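S.K.: Sharing a structure here in structure tokens format.
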Amino acid sequence: MLEDKNTQKTSLAELGEFGLINHITQYFKISHSSTIKAIGDDAAVIDASKKQTLLTTDLLIEGVHFDLSYMPLKHLGYKAVMVNLSDVYAMNGEAEQITVSIAVSNRFPLEAIEELYAGIQLACDTYNVDLIGGDTTSSTKGILISVTAVGKANKEEIVYRDGAKETDLIVVSGDLGAAYLGLQVLEREKQVFQVDPNNQPDLDSYTYLIERQLKPEARKDIVGLFKELDIKPTSMIDISDGLSSELFHICTQSKVGCKIYEDKLPLDPQVISACEEFELDSTMVALSGGEDYELLFTVPIAHFDKIKGNPNFSIIGHVTAENQGLQLITRANQEIELKAQGWNALKA
């Protein structure tokens, strides 16, 4: 069905900043007792409780982190929240609140902002977090979204990046590389559309890849699973910039090395077939693709029986001495030095 181009759009200037804030936040509910005061005053009020507070912030910029030619605004709002919640879960914590700040140009009507916040609200409802504040302002071009997540954890349960020890198992949740390939599919279809706007893409065979790119899910369930299995990782990080980059963070801060086995990297069948189609090496996609938002962690080898066979986990290697460096063991049993080639946020 063709979109009605004559649909009345509401200018944000008609509402003003405070009118806009009231409009887009009126349906958000408070679900945490730690949220004493949310939106509506000079600052939010949170009960600090006896737990330690986790704080994380990410900034998403149109043209750098997302392309609205194929990223629906509702998906963008959802993903902006996931990016931050994933960091809280990577600390083995529970996310409770978020703030959202946006800067938008006058090309966005109220209805577009409603779509964006519908995605944010869906994320809040799905992951049980409270929206407690933020800011809105104008932008000379495009849209910017800054989300801050607030989480809690008992002091003894927090997991940092610097605790990996020699002989620890290296484990990842889920599978790798799908989000990157979803981006390749969307970019290709965008180029086809620019040449022939009448062309309708057939994306049925890429549904998983596209979903991983446009609507990723933070792995809150893994934090709960650790408690069920009575496991506390020795180190952990979320995979946002690519597996190899995240391994470098853990190994550098823990002062250790590692060996990763190529044949142990978890790949979805759609990833394998798409790599063949795009003539890409699936191992490099898994190592450097990024935006998987899975959890990479290390556990003592004594937990092997708890991890093996669990469908949520893949043991991909083990921690070694620092002087052994970071090595990829190929299917041919050759050792190759691992390089961090993931996303660089400051690269032009």
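The values are calculated or read from the model by the stated rules, or taken from the named source; none is laboratory data. Note that the structure is predicted; figures quoted are calculated from it, not measured. Cβ coordinates were reconstructed from backbone atoms using ideal geometry, including for glycine residues, and neighbour counts include every protein chain displayed. Remember, those area values only see protein heavy atoms, side chains included, never the ligands or the DNA or RNA. Shrake-Rupley method; radii C 1.70, N 1.55, O 1.52, S 1.80 Å.
S.K.: Going by the conditions given, is Thr99 hydroxyl-bearing (Ser, Thr, Tyr) and either within 23 Å of Asn154 (Cβ to Cβ) or touching a residue at least 60 places away in the same chain (Cβ under 8 Å) (or both)?
M.R.: No; evaluated as a whole, the condition is false for this residue.
S.K.: Just checking, which of Ser173, Ser205 is at pLDDT 95 or above and of a type in the set (S, T, N, Q)?
M.R.: Among Ser173, Ser205, only Ser173 is at pLDDT 95 or above and of a type in the set (S, T, N, Q).
S.K.: Tell me whether region 30-50 contains one or more residues that are farther than 29 Å from Glu187 by Cβ, surrounded by 20 or more Cβ atoms within 10 Å (Cβ to Cβ) and modelled with pLDDT of 75 or more.
M.R.: Scanning region 30-50 turns up no residue that is farther than 29 Å from Glu187 by Cβ, surrounded by 20 or more Cβ atoms within 10 Å (Cβ to Cβ) and modelled with pLDDT of 75 or more.
S.K.: Given the structure, is Thr140 open to solvent by 20 Å² or more (accessible area, probe 1.4 Å), of a type in the set (S, T, N, Q), within 20 Å of Gly290 (Cβ to Cβ) and at pLDDT below 95?
M.R.: For Thr140, the condition - open to solvent by 20 Å² or more (accessible area, probe 1.4 Å), of a type in the set (S, T, N, Q), within 20 Å of Gly290 (Cβ to Cβ) and at pLDDT below 95 - is not met.
S.K.: Of these, Ala90, Ala103, Ala149, Ala112, which one is under 22 Å from Gln26 (Cα atoms) and open to solvent by less than 10 Å² (accessible area, probe 1.4 Å)?
M.R.: Values: Ala90 fails: under 22 Å from Gln26 (Cα atoms); Ala103 fails: open to solvent by less than 10 Å² (accessible area, probe 1.4 Å); Ala112 fails: open to solvent by less than 10 Å² (accessible area, probe 1.4 Å).
Only one candidate passes the filter, namely Ala149.
S.K.: Take the conditions open to solvent by 60 Å² or more (accessible area, probe 1.4 Å), modelled with pLDDT of 90 or more and not small (Gly, Ala, Ser) and apply them to Lys79. Does it pass?
M.R.: No: the conditions fail for Lys79.
S.K.: Follow-up question, since we're still on this one. For region 166-193, which positions are surrounded by fewer than 24 Cβ atoms within 10 Å (Cβ to Cβ) and on the phi > 0 side of the Ramachandran plot?
M.R.: Result: Thr167, Gly174.
S.K.: Can you confirm whether region 159-170 contains a residue that is assigned to a strand (DSSP E or B) and either of a type outside the set (Val, Ile, Thr) or under 25 Å from Val64 (Cα atoms) (or both)? Before the answer, list the steps.
M.R.: Filtering region 159-170 down to residues assigned to a strand (DSSP E or B) leaves 169-170.
Filter again for either of a type outside the set (Val, Ile, Thr) or under 25 Å from Val64 (Cα atoms) (or both), leaving 169.
Yes, region 159-170 contains at least one residue that is assigned to a strand (DSSP E or B) and either of a type outside the set (Val, Ile, Thr) or under 25 Å from Val64 (Cα atoms) (or both).
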